[in-house]
Amino acid sequence: MVDQNIPLHETFAPEVAAALIDLAQLAQYTGSTTIENLDTIAGKMLARLLVLCSAQRGAVLLGVDERLQPELHATHHKISRALALHDIDEETAHALLSALSMNNSSMKPDPELVCWLTYRISLGEFLLERGHFSDDILSPHEIEKLPSDDYAPLLVRRPLDALLVLGWTAKDDNECASVVERGHHLLPYVIDAIGAVIVGILQVERIHELEAARIRDSLREMELLKAELLGTVSHELRSPLASIKGYAATLLRHERRISREERHQFLLAISEASDRLEIIIQRLLEVSQLDTGEVTIDRAPVDMVYLVKESIATIEESISEIQPSRFIFKLSLEHADGAPASSVPLISADQRRMREVMDDLLENAVKFSPGGGVIKVILRPVTQVQMALPESSEDDQQAVHISRKMLEILVCDNGMGIPAEHLERIFDRFHRVDTRLIREVNGLGLGLTICKRIVEMHDGIIWAENRPNGVGSIFHVRLPIDEIPGM
C-alpha cells in the first residue's frame, strides 16, 4: 500500500514521472498499431517496469479472477497466459503464482537468492473466446447461453486480471525486503498507465480476432459461391450439351433411316440447344464485364413506353407457341397521383441496356408464374426523397433531404411470390430461392443481378416486394428523369 502521507515528489517522483510518460506513449502507440507489434509493445512495457523497480526479471500474465470464479481456479492448474517475459520462463512464472499469495505479496529469497513480488491489476470484464487461455473451459450454465450456429465463436464474459511478477537478486533478507518494499511503493502510481497499455493490447487482439473471423466468413461464403457456381453452371451446360450430343449421335448412326422431316427437326433441336449455350456463355461474360467495369453506358433520350411495348411483343411471340393464351400482358401509364396518363417523361439512358432489363424482368415474371395470369407493367413519374450530406464539413452541418424526379417502372405478376428471407438476396449472383418450382426452372440466377448492375449504372434503384394480396410479386425500378438537351 502507498503511504498517502508521503508526497510522491519526496520519494521517487522523477522516476515515476518518466515511467508514466513512457507508458502513456506506449498506450498511444498501441491504439494505432497492428497485431504484429503487440509482443514488442508488451516487452517494452515490462522492460520499463523493471527499470522503474530496479528488478532483474519479471513477467506480465493475463488471467481470469479466480476469486470471482473459484470453480475455474479449482479445476485448472493454469488459468493465465504470458503477455511478456524477461529472464524467466512461463512455467516458472505460473509456479510462482501458485506459491505466492495473490494479495499483492512477496516471497523470501529462494535458494538462488532471488526474491519475488506479485501484483494484481483488475482490468474489468472482457468478452473472451473459449480457448483464450490454455486450459479454458465453460461451465454448463455458460454453454446454455452460447449461440447455436456451428460457426459462431464460443464467447463468455469474464473478469480479467493482469498479474505482474517481479524478481530481484538479493544478498540477504534485508536487501530483499528493501527492493520488494520499493516495488510495493512505486507500482500503485503506475498501475493505471500499465492497465491502459494492456487494455490497448487486448483491444487490438480482439479487433484482429474479429477481422480474422470476418475473413474466414468471407472465404467460406466464397467457397460456397464457387460450389454453387460450379453446380449451377454444370447443370445449365449439361442439358443443352446432352441434347446436342444425343441428336447429333442419332443423325450419325441412323442417317439413312431418318426422313428429311425428322432430320430437320433434329437440326432445329440442335440449333435451339446451341442458342441456349450461347446465352449462358454471354450471361457469364456480361457479369464478368460488369464486375470489372468494362461495360459503359451510352446515354440517349429513351421512350420507355415504346421500349416496354417492344419487350412485351417479343416475349408474347416467344411464348405464344408453347403457352398460348396463358398470359395476358398489360401496360398502364399513370400520373404521380395514380390517375391514368397518356404519356410519361423521357429518360436519358442506354436503350439497349434498358431493353435488357425489361426483357429480364418480364421473363422472370413468366418463369415464376406457373399458373399464368396477368402480368402488368406500370410506368409513372415519382419523387424520390434522398438524404445527402452538405458539401461543408462543419460539425454543425446536418444531412438534408433532396428530392429527385424519377420514372418508376413496376412489373407485377400473379406468381408464387418471394419468401421474405430471400427478398434482399434475390439480386445476388447465382442466388435462387430453394423451392421445387424454382429448381425446375432453367437459368443461372444471373438475370436479376445483371438488372441491378445496369440500373445502378444509370443512378437508379431496383427492389422487389410481395403483392399485398399475397399472390405474386412486384419489381420496382426507378430511373432519374433528367433534363434532356434539346427536348
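For a quick protection proxy, order the peptides 295-307, 184-196 by their average other-Cβ count within 10 Å, most packed first. Please report the intermediate quantities before stating the final value.
Details: 295-307: 15.1, 184-196: 18.1.
So the peptides 295-307, 184-196, ranked by packing, come out 184-196, 295-307.
Once the principal axes of the Cα atoms of the stretch 314-387 are found, what is the range along each, listed largest first in whole angstroms?
Projected onto its principal axes, the Cα set of the stretch 314-387 covers 44, 28, 26 Å.
FRET efficiency for residue 54 and residue 215, Cβ-Cβ distance as r, R0 = 56 Å, nearest 0.05?
Given R0 = 56 Å and the Cβ-Cβ separation, E is 0.80.
Could you run the Karplus curve 6.51 cos²θ - 1.76 cosθ + 1.60 with θ = phi - 60° over the stretch 164-180 and give me ³J(HN,Hα) per residue in whole Hz, x for Gly and Pro?
Residue by residue, the stretch 164-180 yields 8, 10, 10, x, 10, 8, 10, 7, 7, 5, 5, 5, 4, 4, 5, 5, 5 Hz.
Could you check the spin-label model distance between residue 332 and residue 297? Points 7 Å from the Cα along Cα→Cβ, value in nm.
Each label point is offset 7 Å from its Cα along the Cβ direction, giving 2.8 nm.
Can you divide the C-alpha Rg of the stretch 283-337 by 2.2 N^0.38 Å and report the result to two decimal places?
1.63
Let me test this: with uniform point scatterers at the alpha carbons of the stretch 238-337, what is the Debye-based log₁₀ I(q)/I(0) at q = 0.10, 0.13, 0.15 1/Å?
Debye output, listed in q order: -0.55, -0.82, -0.95.
For a test of the definition: using alpha carbon positions, the gyration tensor, and the 1.5 limit on a/c, classify the stretch 274-397 as rounded, prolate or oblate.
Because a/c hits 1.5 or more and a/b fails to exceed b/c, the stretch 274-397 counts as oblate.
How do 203-215, 446-458 rank on mean C-beta neighbours within 10 Å, highest first?
446-458, 203-215
Every number in this text was worked out from the coordinates using simple rules, so none of it is lab data. Keep in mind it's a predicted model, so treat the numbers as computed, not measured. Methodologically, a virtual Cβ is constructed for each residue, glycine included, from the backbone with ideal geometry; neighbour enumeration extends over all protein chains shown.
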